[in-house]
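Peer 1: Before I ask anything, here is the structure I am working with.
The values are calculated or read from the model by the stated rules, or taken from the named source; none is laboratory data. Since this is a predicted model, take the numbers as computed values, not measurements. All Cβ positions, even for glycine, are placed from backbone atoms using ideal geometry, and neighbour counts span all protein chains on display.
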């Protein structure tokens, strides 16, 4: 049975999970300079150490639930961090997304409040930026890093939350485009071309016509968790009209992946997601009846829709 006992960083810090922004255009020299500045910014963004976090002893293997020992109640007045395990490889850059896990403790009682992310499909990637809390907690850390940090209590809507201690494991970064093995596309479907950054484009065949039911094909097959009905997915997607091939919606155009529940979209889009593996890219040709056909007055009510979806992560529904 899957169960998540808490949302990472509590409701006071949900803003830390806001999706990161887009990269700017420019010359290769500008890109190199921007990358270097991003790395420096994250190093500078890391929260300082302090007496409170230094008094916390952390044990347990990386990738498993942590244990934290400290004299409770622990007075926490600000965010403090320390590196418990040093990782290796390339440092995280501002705007990237990470896969992580965390164990959370009540600073006042010393009790373990819960865990998140140690099982596949139990969290979605989080954006790391110099301006958000993950940037403060991780700085320019490398994959395999475990950090411990304090988080002061907050007052929200008249209610106070207790100060907390977090132990966070940074597994790796999540690509922003599908990484699976390319598959042979069935004949008759729209042709999908992919740019160097992973952004797809769609060319409709001359004899394109609406199918009676949604047609789905896997263009790249990933190796991750299988998306289940009711999951919340983290994706990139492009949607074009079947009438003229023009774009009507795209996460790529907005500059960042997005997340939503598989049962909160049109039926044809759900079919493009459920049963696919993380890392996959799928294409769905959706007749109006499984699109917006029942949405009276919608601008796409009579349209056949074509979606290309890159599935970057999935979070299984709690049970």
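Here's the yes/no breakdown for (1) in contact with a helix residue (DSSP H, G or I) (Cβ under 6 Å, 6 or more places away or on another chain); (2) modelled with pLDDT of 95 or more:
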{"position": "45", "(1), (2)": "yes, no"}
{"position": "49", "(1), (2)": "no, yes"}
{"position": "60", "(1), (2)": "no, yes"}
{"position": "76", "(1), (2)": "yes, yes"}
{"position": "84", "(1), (2)": "no, yes"}
{"position": "133", "(1), (2)": "yes, no"}
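Peer 1: With surrounded by fewer than 21 Cβ atoms within 10 Å (Cβ to Cβ), farther than 12 Å from residue 310 by Cβ, touching a strand residue (DSSP E or B) at 6+ places or on another chain (Cβ under 7 Å) and assigned by TED's automatic domain parsing to the domain that holds residue 187 as the only criterion, which of 244, 249, 229 stands out?
Peer 2: Working: 244 fails: touching a strand residue (DSSP E or B) at 6+ places or on another chain (Cβ under 7 Å); 229 fails: touching a strand residue (DSSP E or B) at 6+ places or on another chain (Cβ under 7 Å).
It is 249.
Peer 1: Here is a follow-up. Residues being outside any strand (DSSP E or B) and surrounded by 12 or more Cβ atoms within 10 Å (Cβ to Cβ): count how many of those fall in the range 55-76.
Peer 2: 14
Peer 1: Another one. Can you tell me how many residues in the range 189-229 are within 20 Å of residue 303 (Cβ to Cβ) and within 21 Å of the chain's Cα centre (by Cα)?
Peer 2: Residues that pass the stated criteria total 1.
Peer 1: Being touching a residue at least 24 places away in the same chain (Cβ under 8 Å), farther than 30 Å from residue 91 by Cβ and in contact with a helix residue (DSSP H, G or I) (Cβ under 7 Å, 6 or more places away or on another chain) is true for just one of 227, 233, 202. Which residue is that?
Peer 2: 227
Each row is one residue, and each column tells you yes or no for (1) in contact with a helix residue (DSSP H, G or I) (Cβ under 6 Å, 6 or more places away or on another chain); (2) more than 16 Å from residue 190 (Cβ to Cβ); (3) exposed (fewer than 15 other Cβ atoms within 10 Å of the Cβ).
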| residue | (1), (2), (3) |
| --- | --- |
| 254 | no, yes, yes |
| 262 | yes, yes, no |
| 268 | yes, no, no |
| 274 | no, yes, no |
| 277 | no, yes, no |
| 287 | no, no, no |
| 291 | yes, no, no |
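Peer 1: Among the residues of the range 284-291, is any farther than 30 Å from residue 117 by Cα and assigned to a loop (DSSP other than H, G, I, E, B)?
Peer 2: yes
Peer 1: So which residues in the range 110-165 are out of contact with any strand residue (DSSP E or B) (no Cβ under 9 Å at 6 or more places or on another chain) and free of Cβ contacts under 8 Å to residues at least 40 places away in the same chain, if there are any at all?
Peer 2: 155, 157, 158, 159, 160
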